[in-house]
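In what follows, a structure is listed as C-alpha cells, so that the remarks can point back to it.
The values are calculated or read from the model by the stated rules, or taken from the named source; none is laboratory data. These numbers come from a predicted model, not from an experiment. Here the Cβ is made from the backbone with ideal geometry for all residues, glycine too, and neighbour counts use every protein chain on show.
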Amino acid sequence: MPVAYDYRYFFKGLASVYDIADEVIVGIDKDRLSWSAKPYQMDFAELRAGIDRIDTRKIVRIVQDDFHSKATPMENDNHERSVLSLACKKGNWIVQIDSDEQALNARDFRAWLATADRQCDVQAKWITVFKTFGDQCLVANEPDARVSVATTCPGIYCYARETGRPKVTSNLLLLHFSWGRTRDELEQKLTNWGHSQDFDVPKLLELWDSVNLTNFKQFRNFHPLYPELWHSLSLVKIPQPSRPTVMV
C-alpha cells in the first residue's frame, strides 16, 4: 500500500483488508516527497501508532525508499508499486489497495481469489466518491468502472496498477475516496498524484467547488481525463461494509 500525504485515510483502508492479508507492505518515500517530487508532512509516530492498533498479528512492514526521482509522476507511481510488489513473499497474490480505498467485501473477495486464474490480473468494481456531505456522498456513475488490484507477477507495473497482462473481473467492491475529501486535501492530491500533469488542476477544483446537493444532477460527462466515463452523480449513504444504497 503506497502511503504519503493522505496517510490518515490509510487506517480505514488497512482495516478493511487486514483480516484477509497474509502480509501488508506499506511504502513511504524516504524523503517525504510525493510522486510529483513535492514535499509533504507526515506524522510518522501517528502513522506507526495507527498501524499498531490494527496490526494485532504483526504482519505490517514499512518500506522506505526513493519513490520520487523518476522523470514523471506516473513513472514514480509505477516504480513504487513495483518495489513494493517485489518485497512481497513469492508465489502469493499481490493485492494493491491504495490508501484512500476501502474494500467493502474483503472476505468474499479472498474466497473468489482462491479459485481465480493466476495467469490473469484481477480487477475490482471501483466506486468513486466525488464529494462528501456528512454521512452522505456523491458518487460518480461510471458504467463498468473497474480497476486492476491483484497480480501474481511482481515488478512489472507499467501504468499505476496496470501490468499489461490479461484481466478478469472479481467480486471485490472498492470504495475510492479519490475526490471525497476536504478541499485542501483534494488540492494536495491533485497536485501530487500520478496524474498531476495530465489535466488542468485549478479548473477541476473550480468544478468540484461548484457541486452541491442542490445542483449535482446537472453535471454530466465530467471525468478529468475521459469525460464520458462519469456521466452523472448519485447521492448515496454508505452502510459499511455493505454495498452502497442509492438514495437519489
_Matching residues in segment 177-210 - criterion: being closer than 24 Å to Lys237 by Cα, in contact with a helix residue (DSSP H, G or I) (Cβ under 9 Å, 6 or more places away or on another chain) and part of a loop (DSSP other than H, G, I, E, B)_ = Phe177, Ser178, Trp179, Gly180, Arg181
*Are any residues in segment 209-230 surrounded by 17 or more Cβ atoms within 10 Å (Cβ to Cβ) and touching a residue at least 40 places away in the same chain (Cβ under 8 Å), and if so, which ones?*
Val211, Phe216, Leu229, Trp230
*Condition met for Leu233 (among the aliphatic types (A, V, I, L, M), touching a Phe, Trp or Tyr at 6+ places or on another chain (Cβ under 7 Å) and surrounded by 15 or more Cβ atoms within 10 Å (Cβ to Cβ))*: yes
*Verdict on Leu104 being surrounded by 17 or more Cβ atoms within 10 Å (Cβ to Cβ), among the hydrophobic types (A, V, I, L, M, F, W, C), under 23 Å from Leu175 (Cα atoms) and modelled with pLDDT under 95*: yes
*Being modelled with pLDDT under 95 and buried (at least 22 other Cβ atoms within 10 Å of the Cβ), is that true of even one residue in segment 74-92?*
no
*Run Arg53 past the list (1) touching a Phe, Trp or Tyr at 6+ places or on another chain (Cβ under 9 Å); (2) in contact (Cβ under 8 Å) with a residue 60 or more places away in the chain; (3) among the basic types (Lys, Arg); (4) over 27 Å from Glu187 (Cβ atoms) and report the number of the one that doesn't hold.*
(2)
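Have a look at Gln64, Gln102 and point out the one that is more than 15 Å from Ala15 (Cα to Cα) and either touching a residue at least 12 places away in the same chain (Cβ under 8 Å) or among the small types (Gly, Ala, Ser) (or both).
The match here is Gln64.
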